[in-house]
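The values are calculated or read from the model by the stated rules, or taken from the named source; none is laboratory data. All of these numbers come straight from a predicted model, not from anything done at the bench. Every residue, glycine as well, gets a Cβ built from its backbone with ideal geometry; the counts of neighbours run over all protein chains shown. All accessible areas refer to the heavy atoms of the entire protein, side chains included, with ligands and DNA or RNA removed. Shrake-Rupley method; radii C 1.70, N 1.55, O 1.52, S 1.80 Å.
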Amino acid sequence: MNGPHKLFLMKFGAVPLAAALVLSAGVGVAVSAAITPPTVSTGHVKSVFPTSAVATGTINPNGGATTWYFEYGLTTSGGFASKTVTANAGSGTSDVKVTGTMTGLAPATSYSYRIVASNSGGTTSGGVGIFNTTAAPAVITGAASYVTAASATLDAIVNPEALATSWYFQYGLTVGYGSKTPTKQMAANLGDTAVSAGISGLKAKTTYHFRVVAKSNAGTSYGVDFLFTTGLSVTLNSSVSKVIYGDFATLSGALSSGKSGVQVTIMSQPFNHLAASAVASVTSANGGTWSYT
């Protein structure tokens with residue numbers, strides 16, 4: 001009687017044990033459900049500067065706590081030597097728009113970049129994009145033209161390097177300049193453009209410094225310093241190189257201003273005198289010309 005009774009108890013006890021194992025296995029499967037790696041998309045690059053740029057992208061964490069960054073490098077190297085600061089995208093299931101600043105770039109250089117995101121399910125890299133950093137305007141100061149006693153035209157060449165650019169000339173008696181022409185605007189393009197600006201109110205027979213200055217979102221460029229010297233305010237010529245006593249000579253010239261109706265005084269200084277004295281006064285005609293016989 002004892003033997004069969006014991007067997008019966010063992011079989012009876014085995015039933016709840018098996019049921020408990022089944023319940024335990026079911027709970028374990030629910031807790032360890034797999035996390036899907038994030039979904040990412042590399043976006044465009046905006047706010048491009050000579051040494052930095054801002055990249056955009058989209059991330060879907062797919063329910064897992066996700067971190068992300070942009071990696072970038074020289075297009076010619078085919079790799080990604082640098083990356084932006086790592087940031088969090090959360091653990092939601094919707095797309096998240098992100099931006100990252102790429103620094104330490106070289107001006108006028110081509111770079112490759114892509115977004116990278118990771119969660120407990122794995123790491124996903126976005127497609128590779130390419131962008132070019134900008135450069136400050138290229139400038140060349142040219143020689144001054146149409147120089148008179150009181151005015152001149154300043155010339156230069158400006159290349160805006162594909163960005164809207166403003167430009168002007170600085171000028172003055174020293175490299176400190178002190179004066180400038182009105183600022184003018186240049187549309188974005190990639191070509192060299194000749195620019196010029198007239199200045200007036202200068203001193204006669206005086207040397208001036210000048211240079212061109214151009215500015216865009218990529219920076220400010222300064223041309224090299226150039227010089228020019230203003231001419232005399234009035235010119236003097238003689239019809240003959242030697243005058244015989246009793247003969248006549250015609251003196252003539254022109255005002256650099258080209259104005260008519262201006263009084264011109266002719267001075268004479270004999271060899272044995274220390275100072276000049278007035279000989280005659282005439283009035284300038286059309287174009288500022290004058291003459292006296």
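Being among the small types (Gly, Ala, Ser) and surrounded by fewer than 12 Cβ atoms within 10 Å (Cβ to Cβ) is the filter; apply it to the range 88-110 and report the residue that is farthest from Glu71 (Cα to Cα).
The initial filter retains those residues of the range 88-110 that are among the small types (Gly, Ala, Ser), namely 89-92, 94, 100, 104, 106, 108, 110.
With surrounded by fewer than 12 Cβ atoms within 10 Å (Cβ to Cβ) added as a condition, the list becomes 94, 104.
Values: Ser94: 23, Gly104: 13 Å.
The selected residue is Ser94.
Within the bounds of the range 36-54, is there any residue that is farther than 12 Å from Phe131 by Cβ and either touching a helix residue (DSSP H, G or I) at 6+ places or on another chain (Cβ under 6 Å) or of a type in the set (Lys, Arg) (or both)? Spell out how you get there, then give the answer.
Applying the first criterion (farther than 12 Å from Phe131 by Cβ) to the range 36-54 yields 36-41, 50-51.
Now narrow it down to the ones that are either touching a helix residue (DSSP H, G or I) at 6+ places or on another chain (Cβ under 6 Å) or of a type in the set (Lys, Arg) (or both): none.
No.
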Worksheet entry | Extreme residue, nearest to Ile130 (Cα to Cα), among residues of the range 57-82 that are within 24 Å of the chain's Cα centre (by Cα) and open to solvent by 20 Å² or more (accessible area, probe 1.4 Å) | Thr75
Worksheet entry | Long-range neighbours under 9 Å by Cβ, at least six apart or interchain, first residue farther than 16 Å from Thr153 by Cα and part of a loop (DSSP other than H, G, I, E, B) within the range 178-193, second open to solvent by 70 Å² or more (accessible area, probe 1.4 Å) and modelled with pLDDT under 95 | Ala187/Ala164; Ala188/Ala164
Fill in: Residues located in the range 29-56, provided they are among the hydrophobic types (A, V, I, L, M, F, W, C) and either surrounded by 15 or more Cβ atoms within 10 Å (Cβ to Cβ) or assigned to a strand (DSSP E or B) (or both)
Ile35, Val40, Val45, Val48, Phe49, Ala53, Val54, Ala55
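Anything in the range 131-150 that is within 15 Å of Phe226 (Cβ to Cβ) and over 29 Å from the mean Cα position of the chain (by Cα)? List them, or say none. Let's see the steps before the verdict.
Within the range 131-150, the first condition is being within 15 Å of Phe226 (Cβ to Cβ), and the residues that meet it are 139-147.
Passing the criteria: Tyr146, Val147.
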Worksheet item: Looking at (1) in contact with a Ser or Thr (Cβ under 8 Å, 6 or more places away or on another chain); (2) open to solvent by 60 Å² or more (accessible area, probe 1.4 Å); (3) farther than 30 Å from Thr165 by Cβ, which is the one condition that is false for Phe226?
Response: (3)
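For (1) in contact (Cβ under 8 Å) with a residue 40 or more places away in the chain; (2) open to solvent by less than 20 Å² (accessible area, probe 1.4 Å); (3) within 16 Å of Thr181 (Cβ to Cβ); (4) part of a strand (DSSP E or B), each residue gets a yes or a no:
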{"residue": "Ser112", "(1), (2), (3), (4)": "yes, yes, no, yes"}
{"residue": "Ile115", "(1), (2), (3), (4)": "yes, yes, no, yes"}
{"residue": "Ser118", "(1), (2), (3), (4)": "yes, no, no, yes"}
{"residue": "Thr124", "(1), (2), (3), (4)": "yes, no, no, yes"}
{"residue": "Ala136", "(1), (2), (3), (4)": "yes, no, no, no"}
{"residue": "Ile140", "(1), (2), (3), (4)": "yes, no, no, yes"}
{"residue": "Ala149", "(1), (2), (3), (4)": "yes, yes, no, no"}
{"residue": "Leu154", "(1), (2), (3), (4)": "yes, yes, yes, yes"}
{"residue": "Glu161", "(1), (2), (3), (4)": "yes, no, no, no"}
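Given the options Ala187, Ala197, Ala214, Ala218, name the one that is open to solvent by 20 Å² or more (accessible area, probe 1.4 Å) and aliphatic (A, V, I, L, M).
Working: Ala197 fails: open to solvent by 20 Å² or more (accessible area, probe 1.4 Å); Ala214 fails: open to solvent by 20 Å² or more (accessible area, probe 1.4 Å); Ala218 fails: open to solvent by 20 Å² or more (accessible area, probe 1.4 Å).
After applying the criteria, what remains is Ala187.
Looking at Gly258, Gly201, which is the one that is closer than 30 Å to Val139 by Cβ and in a loop (DSSP other than H, G, I, E, B)? Outline the logic, then answer.
Values: Gly258 fails: closer than 30 Å to Val139 by Cβ.
Just a single option satisfies the conditions, and that option is Gly201.
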Worksheet entry | Answer from Leu236, Leu255 - the residue that is touching a helix residue (DSSP H, G or I) at 6+ places or on another chain (Cβ under 9 Å) and surrounded by 11 or more Cβ atoms within 10 Å (Cβ to Cβ) | Leu255
